[in-house]
Structure formats: structure tokens, C-alpha cells
Amino acid sequence: MTMKNSTILVTGGTGSFGHAFVPMALEKFNPERIIIYSRDEMKQWEMAKLFEGDKRVRFFIGDVRDRERLYRAVDGVDYVVHAPATKIVPTAEYNPFEAVKTNILGAMNLIDACIDEGVKKVVALSTDKASSPINLYGATKLASDKLFVAGNAYAGSKPTRFSVVRYGNVMGSRGSVLPFFWDAADKDAPLPITDPRMTRFMITLEQGVELVWKAFSDMEGGEIYVHKIPSMTITDIAQAVAPDKPTTVVGIRPGEKLHEQMIGAEDAPNTYEYGDYFKILPTINTWSPQLDMVKGGKPVGDDFVYTSDANTEWMSVEELQRWIGENLGSSVSGKAPPARA
């Protein structure tokens with residue numbers, strides 16, 4: 001599949017993902033237009049300066065909660081990447097109705113608009129927290145995932161297809177553990193560690209973008225794609241960022257898991273393994289034969305789970321330090337660079 005000469009809409013496009021996706025897509029596909037849809041005019045103004053003079057990049061102020069505005073935004077669009085979310089766990093817990101409006105009702109609005117306006121394919125970004133969720137954010141994203149999968153049946157005779165990609169901890173992105181440790185390393189206090197047993201998946205924004213492209217090229221509709229990525233312990237992440245800084249254990253925060261999970265045992269009967277990713281097929285499927293979705297994948301075992309503590313691939317302290325130096329332009333011993341937008 002190619003997006004050459006196509007029109008692409010990125011909802012929530014001024015976030016970390018959009019900042020990585022837009023330049024990569026411009027270089028790889030040379031689309032006719034990429035439309036950035038978000039509600040923060042300041043973020044759009046800052047991002048627009050990065051693409052000044054490039055007529056392929058357009059900006060559209062709007063909120064996914066605004067159904068009518070979404071219909072206007074998707075008019076003439078071929079492909080949509082859905083990236084917005086109310087995703088800070090405590091924020092969602094204290095403002096549950098707001099999280100539902102963005103993460104669930106926003107998904108419903110987009111599904112309706114894309115079907116009615118004839119969008120070809122939609123890929124929605126999800127999170128490890130949607131797998132066996134224990135907090136409201138994860139629960140709303142699980143509901144969102146279910147909506148996008150069911151959107152394929154909801155489309156009826158219309159050709160629009162929907163799939164999902166599921167990420168772990170995006171390295172260096174806003175709100176992730178790396179910027180948190182960088183900020184804490186500048187303070188005259190030990191580095192706060194929630195639990196020394198804690199583990200996290202590590203994925204780069206570039207890997208996340210490439211998984212979206214994989215979904216667009218492979219999808220029949222309804223699949224959930226999960227990238228194979230390494231894990232790290234929280235103590236190793238802290239050592240990579242601030243090797244000479246003492247640590248203190250502060251305890252797990254409400255709604256936080258000790259280990260991340262991207263595929264649970266309940267999904268194992270419908271999960272297939274490929275070279276560098278897994279694919280969870282829909283349990284209810286009326287729109288495409290399952291064999292068309294499998295495409296050479298190998299079924300995982302009935303008791304399979306994909307969790308950060310039981311991972312077969314691990315990132316070392318030295319590998320993370322090297323990544324920081326190559327991608328964020330700063331030595332781990334120097335002043336911490338700002339988080340990616």
C-alpha cells in the first residue's frame with residue numbers, strides 16, 4: 001500500500017506521535033495533504049513553524065468531541081490516524097466524564113464521520129493499559145478499541161475499514177518516565193522509584209509510526225497490532241538517566257501496574273505471531289474471512305501473555321544511554337533535554 005498522492009488526517013496530531021509521523025510520512029509517501037486536527041491552537045502554531053512553506057501540511061482546529069467539526073475535517077480524506085486521548089491516569093480518575101467524552105465518544109464520532117464520508121482506512125492508537133485495565137484511562141481505551149473493531153461491522157456495505165495499534169511506553173515522549181527522571185535528576189533529592197520490581201516496555205516513536213504503516217498495508221479491518229519491543233526495569237531506566245543519583249522507593253501510584261501487559265491470556269486464542277509483531281484478530285467478524293487476516297501468522301499458545309516482566313527481549317542500561325545520546329542530543333550526565341512534543 002502507498003499513500004502517495006493521498007490525503008491523510010491525523011487527529012490529535014500535535015502530540016508526540018504527530019511530530020514523528022508527519023515528517024516521516026512526508027518523506028516516505030509524498031502525500032498530497034496531511035491534515036493536523038487538534039484543539040490546541042498554540043501547539044498548532046508551534047508545529048506549523050516546523051513545516052513553514054510546505055503546502056502539503058494543513059492545520060485544522062477542532063475537537064473529536066465535536067461531531068460536526070469532524071465531518072468537515074474528514075471530507076475528502078483517504079486515511080485517518082486517530083491519536084487523541086485524555087491519558088494521564090490521575091487526570092482521568094479525577095475527571096472521568098471528560099475522559100469518556102474524549103476517548104469513547106470521540107471515537108464514536110470519528111467512526112461515524114469516516115463511514116459516512118467514505119474514508120478508506122482508519123488506524124487508531126491504543127495503549128498497553130487497555131489490556132486487562134485497572135484504571136479509567138485503560139477502561140476507556142479498551143472501550144475505544146472495541147468500538148473501532150466493531151466499526152467494521154457497523155460500516156455495513158460501506159468500504160471503510162478500522163484497525164488498532166497498541167503501544168507501550170514511548171521513549172522520550174511527553175508524560176513518559178524518561179522526562180520524569182530527567183526533571184527529578186536536577187533536584188536535590190533522591191530519584192523517586194515506585195517499586196524496584198517494576199518493568200516497562202520500551203518503544204521509540206519511529207517504531208510506533210512504522211507499526212501504523214504496517215497496519216495500513218496489512219489490515220482487513222478489526223485487527224489489533226502489537227509491536228515486539230524490549231523491556232527494562234525501572235531501576236535500570238533510572239540508572240541510565242542519572243547513574244550517580246541515589247534512589248528512594250515511593251510506592252506504586254493508584255491505578256498503576258507493576259508490569260505492563262499488551263496481550264492478555266483471554267486474547268491468546270485469537271493472537272498470531274509474526275516476525276516483529278503480534279496481531280489480535282476480532283472475536284466477532286462478519287466482514288472478512290479470518291484466513292484473509294491471518295496471512296501466514298503462527299498462532300500463539302493458549303496460555304500466552306505478552307507482559308513486560310516475562311519478555312524475552314531486554315534493553316540494557318548502555319543501550320538506553322546510547323539511544324538518549326543519539327536521539328535527544330544530550331549526554332545522560334549533562335542537562336536533560338526537553339521531552340519530545
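The values are calculated or read from the model by the stated rules, or taken from the named source; none is laboratory data. Since this is a predicted model, take the numbers as computed values, not measurements. So basically every Cβ, Gly included, is an ideal-geometry build from the backbone, and we count neighbours across all protein chains shown.
Residues in the stretch 180-189: is at least one over 26 Å from Lys4 (Cβ atoms), touching a Phe, Trp or Tyr at 6+ places or on another chain (Cβ under 7 Å) and either among the charged types (D, E, K, R) or part of a helix (DSSP H, G or I) (or both)? Working first, answer last.
Keep residues of the stretch 180-189 that are over 26 Å from Lys4 (Cβ atoms), which gives 180-189.
Within this subset, residues satisfying the condition of being touching a Phe, Trp or Tyr at 6+ places or on another chain (Cβ under 7 Å) are none.
Looking for residues that are over 26 Å from Lys4 (Cβ atoms), touching a Phe, Trp or Tyr at 6+ places or on another chain (Cβ under 7 Å) and either among the charged types (D, E, K, R) or part of a helix (DSSP H, G or I) (or both), one finds none in the stretch 180-189, hence no.
Taking Gly222 as meeting all but one of (1) surrounded by fewer than 18 Cβ atoms within 10 Å (Cβ to Cβ); (2) touching a residue at least 60 places away in the same chain (Cβ under 8 Å); (3) assigned to a loop (DSSP other than H, G, I, E, B); (4) not hydroxyl-bearing (Ser, Thr, Tyr), write down the number of the exception.
Gly222 satisfies every listed condition except (1).
Restricting attention to the stretch 257-300, and to residues there that are polar (S, T, N, Q) and not in a loop (DSSP other than H, G, I, E, B), which single residue is surrounded by the fewest Cβ atoms within 10 Å (Cβ to Cβ)?
So the residue we want is Gln290.
Of all residues being among the small types (Gly, Ala, Ser) and under 22 Å from the mean Cα position of the chain (by Cα) in the stretch 248-292, which is farthest from Arg161 (Cα to Cα)? Just the residue, please.
Restricting attention to the stretch 248-292, the residues satisfying the condition of being among the small types (Gly, Ala, Ser) are 251, 255, 264-265, 268, 275, 288.
So of that shortlist, the ones also under 22 Å from the mean Cα position of the chain (by Cα) come out as 255, 264-265, 268, 275.
Details: Gly255: 33, Gly264: 25, Ala265: 26, Ala268: 23, Gly275: 24 Å.
By that ranking, first place goes to Gly255.
Might you let me know whether the stretch 204-212 holds any residue that is modelled with pLDDT under 95, within 16 Å of Ile324 (Cα to Cα), β-branched (Val, Ile, Thr) and buried (at least 22 other Cβ atoms within 10 Å of the Cβ)?
Within the stretch 204-212, not a single residue is modelled with pLDDT under 95, within 16 Å of Ile324 (Cα to Cα), β-branched (Val, Ile, Thr) and buried (at least 22 other Cβ atoms within 10 Å of the Cβ).
Test Thr307 against the criterion of being of a type in the set (Val, Ile, Thr) and touching a His at 6+ places or on another chain (Cβ under 7 Å), and give yes or no.
yes
Please go through the stretch 93-131 and give me each residue that is surrounded by fewer than 18 Cβ atoms within 10 Å (Cβ to Cβ) and of a type in the set (Gly, Ala, Ser), ordered by number.
The one that is surrounded by fewer than 18 Cβ atoms within 10 Å (Cβ to Cβ) and of a type in the set (Gly, Ala, Ser): Gly118.
Determine, yes or no, whether Gln239 is under 20 Å from the mean Cα position of the chain (by Cα) and either within 23 Å of Leu258 (Cα to Cα) or touching a residue at least 12 places away in the same chain (Cβ under 8 Å) (or both).
Details: under 20 Å from the mean Cα position of the chain (by Cα): no; either within 23 Å of Leu258 (Cα to Cα) or touching a residue at least 12 places away in the same chain (Cβ under 8 Å) (or both): yes.
Judged against the criteria, Gln239 is not a match.
For Asp244, all conditions in the list (1) modelled with pLDDT of 95 or more; (2) in a loop (DSSP other than H, G, I, E, B); (3) over 29 Å from Leu147 (Cα atoms) hold save one; what is the number of the exception?
All conditions pass for Asp244, except number (1).
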